1. What is the order of ILE167, ILE123, fewest Cβ neighbours within 10 Å to most?
2. For each of TYR118, TYR112, count neighbouring Cβ atoms within 10 Å of the residue's Cβ, then give the residues from fewest to most.
3. Under a plain spin-label model, where a point goes 7 Å from the Cα along Cα-to-Cβ, how far apart in nm are VAL51 and ASP78?
4. In nm, what is the difference between 0.36 nm times the number of residues separating PHE71 and ASP17 and their Cα-Cα distance?
5. If you stretched the chain out fully between GLN10 and ASN130, how much longer would it get, using 0.36 nm times the residue separation minus the C-alpha to C-alpha distance?
6. Amide H of LEU86: which non-local residues (sequence gap of 5 or more, or other chain) have their own amide H closer than 5 Å, using H built in the peptide plane?
Amino acid sequence: MQIYLPELKQKQGEVVDFSFDEELSSSLTDLSAAGTLKLVVSLSLNDDKLVVNGSLEVSTTAACSRCLETFNQRFTTDFSELFTVLKNAPVVSNRQSEALETANMLNVSGDYLYLDEYVRQLIILGQEYNPICSPGCKGLCAGCGEDLNKTACRCSNEKGNIDLRFIKLKELNQER
């Protein structure tokens, strides 16, 4: 995901829109999940300041944190960033190094704005910490590991299978 800056320099102060539709695996190789991303950005260059506003929509596979089933996770994040265009800065010949510097330092040197690393960081920050396949997911049984969404638990609720710390709680429940 690269944007040629001399086009923006010719349109000093005007907003220019760009759109990217890509597979996650082809554009961001270190993300293991398969999926797609749609990036829409609006850029405006004023002197040495590059204003980037955009929206990122990602569809990827994730593992449910309750039942461990894989499901399709979708999320959208909006962003706004101010990059500094460095004049007379040494141009880095490696695209990955340039993308890393752009994302971490918010500096742009050379004729291209590389958004790969910046978008990768947005994806990582935009993902849910504990993704859940559905709000009603019952998860796995703590005793036998059975997926409670598919079948009933095979555990026996006898005293021998209950954690000894909770026996008094069970007795309290039976008294009521």
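Every number here is computed from the coordinates shown, using simple stated rules; none is lab data. The model shown is predicted, which means the values in this text are computed figures rather than measured ones. For neighbour counting, all protein chains shown are included, and Cβ atoms are generated from backbone atoms with ideal geometry for every residue, glycine included.
1. Working: ILE167 11, ILE123 20.
Ordered from fewest to most neighbouring Cβ atoms within 10 Å, ILE167, ILE123 come out as ILE167, ILE123.
2. On the way: TYR118 24, TYR112 17.
Ordered from fewest to most neighbouring Cβ atoms within 10 Å, TYR118, TYR112 come out as TYR112, TYR118.
3. About 1.5 nm separates the two model spin labels.
4. On the way: separation 54, 0.36 × 54 = 19.44 nm, distance 3.23 nm.
Contour length minus Cα-Cα distance gives 16.2 nm.
5. Result for the pair: 38.6 nm of gain on full extension.
6. Hits under the 5 Å cutoff: VAL108, SER109.
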